[in-house]
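Below: one structure, written as structure tokens.
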Amino acid sequence: MDVRRRAYKVPRPTAAVIHQEQQQQSQASGSAAPKASDALPLPLYLTNAIFFTLFFSVAYYLLLRWRDKIRNSMPLHVVTLPELAAIVSLIASFIYLLGFFGIDFVQSFIARASNDAWDLEDDDVDVDPPEHRLLTCPPSAPDHLIPAVTSAEDEEIVEWVIKGTIPSHALEEKLGDCKRAACIRREALQRITGRSLQGLPVDGFNYDSILKQCCEMPVGYVQIPVGIAGPLLLDGFEYSVPMATTEGCLVASTNRGCKAIYVSGGATSTILRDGMTRAPVVRFPSAVRACHLKFFLENPSNFQALADEFNQSSNFARLQSIQCSVAGKNLYMRFSCCTGDAMGMNMVSKGVENVLRYLKSDYPDMDIIGISGNFCSDKKPAAINWIEGRGKSVVCEAIIKEEIVKKVLKTNVATLVELNMLKNLAGSAVAGALGGFNAHASNIVSAIFIATGQDPAQNVESSHCITMMEAVNDGKDLHVSVTMPSIEVGTVGGGTQLASQSACLNLLGVKGASKGLPGANSRLLATIVAGSVLAGELSLMAAIADGQLVKSHMKYNRSSKDVSKVPHMNDLASNGLE
């Protein structure tokens, strides 16, 4: 909708003002009934009744007279004195009724149209709005706006942004100062919406580091506390795992799982596969042609030529496989390649574009519909990721000794094994889970992803996990494992280069690209994620088995308030107790 701000010399009264004026007028007139006008000092209901009766009476009289004239072949333009009086009465009553009812009807449309416009009281000229104008409801109470700019020059730029003279998204380019641009945009946003951004910090952040790569049109940054779980003893090395979260008890629970693993001798991990995927969709005139390309792509004798084209996109991209699926005339091609220490989405996409250009010469009738056809599948739960894997596929295991299960986890082996079977396996199957055969893998994955600068949306498939528990050593000890087929992480690019996230990666010893073996840092990060998930699964399952889940959340996540006096206790379930 084309929304334009309209200038008004006098602000349009609000409904509250109109209601107040009506009350004042009613109080001034006392208990007297409303009058039609000063010229006709009769009660309004009596005046309306008179004119309604007059209008319909004279209309009926004139119709009868005209009918008689037509029957008797008398001219209609010849009128008698009573007929003339009736015509005058008809016109007068019509004018009254139109003035009383018609004007209000028309004004209702005018008022409705004016309500659709976005009016600013202080504007004296019509201006076009910025590109992204929000129609917001006024706050119930005006916020106290704290200015984000101080100089007169910045104040002028804020006005230009509000008027649309300078697009908000172009501030960094025009000013050459990212921090200044964020402050000006922030102030303009406060004035446009009438709502304060107090509490959203703007100082203390390097806005140059996110320009054209992490976030557009920033107005501040969100603070998320980072806790440390560990040490996690994994493959003979100790790791202090940073977790960015606002859920109480999560870090403490994962830390308890790390302790149980540590005193039991540690966990071991194995990388099953490492390959990022991208799957374009193309269309042909016929299904036969689509199948012809499928056979060509899956023929081993053609793979090297395709790999040569694909690998030109990067020094680290190496094509591993191509998996095809046909749906009618449409062909989905799932390319998988290793991407070094980068998560690799851009890398594999560029390689796919090279191959598509190469295929276009031999298949001119191929219509490229999209670089991604969701056969990849990115940021969505999909069986193909659960079965074939995407990113890093990791399995991590540990044997927890019987005495550790009792002393640290406060439960026993048999109870944990039974709970895992009924909850994580059977319960998830009953729910129809896709990759969700675990207690809360996404909790740990999300916390580590945010702390280390990963794409949080890829938590969807990265949290695919099946947790297995089995009694070993004559039923005394517990063997626990997590299998995660699609952990999508990187240690270069994206948010990994930001100062806070880079510090967390440095804490784990995986900052940047591996100098010795390309991809080693990202693979190590994937194993740390899996090891942390293993610790989190152990601790949460033990808490459920011991009946301590709610009690621990009341202690660490809900303070010590008397919950019997707190309303809406059903909100507990929505805060991710599991």
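Could you order V281, V88 so the one with the most accessible surface comes first? Probe is 1.4 Å.
V88, V281
To the nearest 20 debye, what is the magnitude of the charge dipole of segment 166-304 about its Cα centre, counting +1 on the Cβ of each Lys and Arg and -1 on the Cβ of each Asp and Glu?
Dipole about the Cα centre, nearest 20: 520 debye.
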Fill in: Heavy-atom accessible area order for F205, F94, largest first, 1.4 Å probe
F94, F205
Discussion item. If Rh is defined by the Kirkwood formula over all Cα pairs and Rg also comes from Cα, what ratio Rg/Rh do you get for segment 342-436?
Written reply: 1.23
Worksheet item: If you stretched the chain out fully between A170 and F295, how much longer would it get, using 0.36 nm times the residue separation minus the C-alpha to C-alpha distance?
Response: 40.1 nm
Fill in: Solvent-accessible area, 1.4 Å probe, carbon plus sulfur percent, for segment 44-104
78
Worksheet item: Expressed as a whole number of Å, what is the distance separating the alpha-carbon centroids of segment 360-395 and segment 230-254?
Response: 33
Practice prompt. Can you pull a Stokes-Einstein diffusion coefficient for segment 189-328 at 37 °C (0.692 mPa s), Rh from Kirkwood over Cα pairs, as a whole number of µm²/s?
Written response: 152
Practice prompt. Just add up the charged neighbours of M468: K/R +1, D/E -1, any other residue whose Cβ is under 14 Å from the Cβ of M468.
Written response: -3
Worksheet entry | Counted charge near F375, where neighbours are those whose Cβ lies closer than 12 Å (Asp, Glu -1; Lys, Arg +1) | +2
Worksheet item: Can you list residues whose amide H is under 5 Å from G391's amide H, if they're 5+ apart or on another chain and H is modeled 1.01 Å from N?
Response: G275, M276, T277
Worksheet item: Residue separation times 0.36 nm, minus the C-alpha to C-alpha distance between D235 and A383: what's the value?
Response: 50.3 nm
Discussion item. So, for segment 138-258, what is the accessible surface per residue at a probe of 1.4 Å, expressed in square angstrom?
Written reply: 53
Worksheet item: Which pairs break 26 Å Cα to Cα here: K179/K515; K423/K476; K360/K515; K174/K212; K380/K511; K259/K380?
Response: K179/K515; K360/K515; K380/K511; K259/K380
Worksheet item: How big is the gap, in Å, between the Cα center of segment 173-224 and the Cα center of segment 265-336?
Response: 41
Item to complete: Could you tally the net charge around S481, taking each other residue with its Cβ under 9 Å from the Cβ of S481, Lys/Arg +1 and Asp/Glu -1?
Response: -2
Fill in: ³J(HN,Hα) computed for each position of segment 512-518 - Karplus, 6.51 cos²θ - 1.76 cosθ + 1.60, integer Hz, glycine/proline x
x, 8, 6, 7, x, 10, x
Practice prompt. Collect residues whose amide H, placed 1.01 Å from N in the peptide plane, falls under 5 Å from the amide H of N374; neighbours closer than 5 in sequence don't count.
Written response: A279
Item to complete: Using a 1.4 angstrom probe on heavy atoms only, work out the carbon and sulfur share of the accessible area of segment 152-209 in %.
Response: 49
Item to complete: Compare the peptides 58-66, 490-498, 310-318, 457-465 by average per-residue count of other Cβ atoms within 10 angstrom and give them in order, highest first.
Response: 457-465, 490-498, 310-318, 58-66
Fill in: Amide H contacts under 5 Å for C324, placed H, 5+ residues apart
R334
Worksheet entry | Residue-wise HN-Hα coupling along segment 469-478, computed from phi with Karplus coefficients 6.51, -1.76, 1.60 (Hz; x: Gly, Pro) | 9, 8, 6, 10, 6, 6, x, 7, 9, 10
Item to complete: Enumerate by residue number the trypsin sites (Lys or Arg not before Pro) in segment 150-232 meeting two conditions: DSSP loop (anything except H, G, I, E, B), and at most 13 other Cβ atoms within 10 Å of the site's Cβ.
Response: K212
Response to the item:
Once the dipole of segment 152-209 is set up from charges on Cβ (+1 Lys and Arg, -1 Asp and Glu), the residue from the list G194, Y207, T165 lying farthest towards its positive end is G194
Fill in: ³J(HN,Hα), Karplus 6.51/-1.76/1.60, whole Hz, each residue of segment 78-87, x for Gly, Pro
8, 10, 8, 4, x, 5, 5, 5, 5, 5
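The values are calculated or read from the model by the stated rules, or taken from the named source; none is laboratory data. In this text the structure is predicted, and so the values were computed from the model without any measurement. Positions of Cβ are backbone-derived with ideal geometry, glycine not excepted, and every protein chain shown enters the neighbour counts. Only protein heavy atoms, including side chains, enter the accessible area calculation; ligands, DNA and RNA are left aside. Shrake-Rupley method; radii C 1.70, N 1.55, O 1.52, S 1.80 Å.
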